[in-house]
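Asker: The structure under discussion is supplied below as structure tokens; questions concerning it will follow.
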């Protein structure tokens with residue numbers, strides 16, 4: 001077995017087997033498993049694997065560039081709280097959620113970004129209509145307050161249908177014509193490998209532009225009710241589904257956040273417990289990574305069966321959010337204890353701020 005380090009407790013056997021299976025591949029060099037690890041598609045969520053000259057689309061996942069943006073602002077907490085319901089409603093009007101897109105194209109200058117003809121065809125369909133839309137599942141927009149009362153805007157979203165289409169295209173190509181679970185990849189020296197990396201990087205830029213556009217809209221809607229502005233110079237952007245070359249190896253992160261020494265990042269917990277603004281410690285055993293969140297302890301179907309709506313509602317008192325049967329699978333009880341997750345990664349990141357939600361938007 002290749003060298004590895006596990007920073008998690010009580011991991012599902014299926015997640016461990018996925019992790020060990022990946023490490024047994026001849027091109028794998030070393031790996032790490034983050035505290036929020038759980039079973040995923042081919043590779044567990046929360047896994048980081050370094051390879052020698054091989055790139056695997058399934059190890060990055062379907063939502064290429066899924067990640068976090070956070071920005072501090074000059075809005076006042078008291079004013080936000082006073083207008084929370086109005087801001088909540090305005091954000092749902094301004095930002096499409098779930099499978100909805102914008103009616104018109106958003107502006108984005110991407111002509112200078114390299115991409116293949118295959119991606120161009122996917123992007124030309126409705127790529128710019130997806131820009132500035134949230135998505136569903138665990139994607140969210142939050143307005144919250146840190147311990148010092150400073151208001152933060154935090155967004156978790158990815159590359160929308162574009163990233164999913166690109167991932168599907170290359171997973172099929174790697175697996176011989178049909179996307180299926182398994183360790184199917186490309187040599188980074190091959191044309192297919194170069195094409196995937198080119199399109200992956202385009203999707204990373206698209207995911208950032210998507211989050212940036214949503215933050216811009218959030219600020220604009222907040223300004224209808226309150227005085228303030230985002231401190232754009234302190235914007236944090238961290239992907240947690242990506243691959244990068246470092247020291248001659250290809251680091252695959254699937255539901256794991258890059259955490260180089262001094263690098264700022266965001267680790268979300270759940271709808272109730274908010275997010276942590278962190279600074280990486282550059283831990284080599286963790287492959288310069290940290291968790292990407294709390295990690296699920298219940299699947300979505302199980303959560304909707306087992307969690308009672310009245311318990312969900314009681315847990316969200318004081319937070320303006322969509323609390324109903326549609327979001328039951330996102331209730332705090334469906335996730336691991338974020339405080340324990342942060343304790344397990346004390347050697348990976350330093351906590352700078354904890355931001356507790358005042359307003360939460362979900363698809």
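Please treat every number below as a calculation from the coordinates, not as lab data. What you are looking at is a predicted structure, and each value in this text was computed from that prediction instead of being measured. Note that we place each Cβ from the backbone using ideal geometry, even for glycine, and neighbour counts take in every protein chain shown.
Asker: In what sequence, highest mean first, do 28-34, 280-286, 9-15 appear when ranked by Cβ atoms within 10 angstrom?
Answerer: Output ranking for 28-34, 280-286, 9-15: 28-34, 280-286, 9-15.
Asker: In a GNM of the chain with a 10 Å cut-off on Cα contacts, which of 330, 26, 205 has the highest mean-square fluctuation?
Answerer: 26
Asker: Something else: Run the helix sum for the chain: -39,500 (n - 2.57) per DSSP H stretch of 4+ residues, divided by residue count, reported at 222 nm to the nearest 500 deg cm²/dmol.
Answerer: Values: 10 runs with 114 residues, N = 363.
Estimated from H runs of four or more residues: -9500 deg cm²/dmol.
Asker: Which ordering of 247, 199, 329, 63 is given by a fewest-first count of other beta-carbon atoms within 10 Å? The partial results should precede the final answer.
Answerer: Values: 247 8, 199 27, 329 19, 63 24.
Fewest-to-most ranking of 247, 199, 329, 63: 247, 329, 63, 199.
Asker: Angle between the Cα long axis of helix 117-130 and the longest principal axis of the chain, 0 to 90 degrees, nearest 10?
Answerer: Its long axis makes an angle of about 10 degrees.
Asker: Any idea what angle helix 13-23 forms with the longest principal axis of the chain, computed on alpha-carbon atoms, 0 to 90 degrees, nearest 10?
Answerer: 50
Asker: If you fit an axis through the alpha-carbon atoms of helix 84-94 and take the longest principal axis of the Cα set of the chain, what angle between them do you get, 0 to 90°, nearest 10?
Answerer: 50
Asker: How much of the calculated P(r) for region 1-134 lies past 23 Å, in percent of all Cα pairs?
Answerer: Distances greater than 23 Å cover 58 percent of the Cα pairs.
Asker: Between residue 326 and residue 350, with labels modelled 7 Å along Cα→Cβ, what's the label distance in nm to one decimal, could you check?
Answerer: Computed distance between label sites residue 326 and residue 350 equals 4.3 nm.
Asker: Another question, if that's okay. Rounded to whole Å and sorted largest first, what semi-axes of the equivalent ellipsoid does the C-alpha gyration tensor of the chain yield via the square root of 5 times each eigenvalue?
Answerer: Over the Cα atoms of the chain, the ellipsoid semi-axes are 32, 24, 19 Å.
Asker: Can you tell me the relative contact order of the chain? Whole percent, Cα pairs under 8 Å, sequence separation 6 or more.
Answerer: Reported as a whole number, the value is 25 percent.
Asker: Working from the pairwise distances between different alpha carbons, so that the mean of 1/r is found and then inverted, what is region 8-74's Kirkwood radius in Å?
Answerer: Value: 13.1 Å, from the Cα pair sum.
Asker: In the calculated pair distance distribution of region 214-339, what percentage of Cα-Cα distances lie above 26 Å?
Answerer: The proportion of pairs with Cα distances above 26 Å equals 40 percent.
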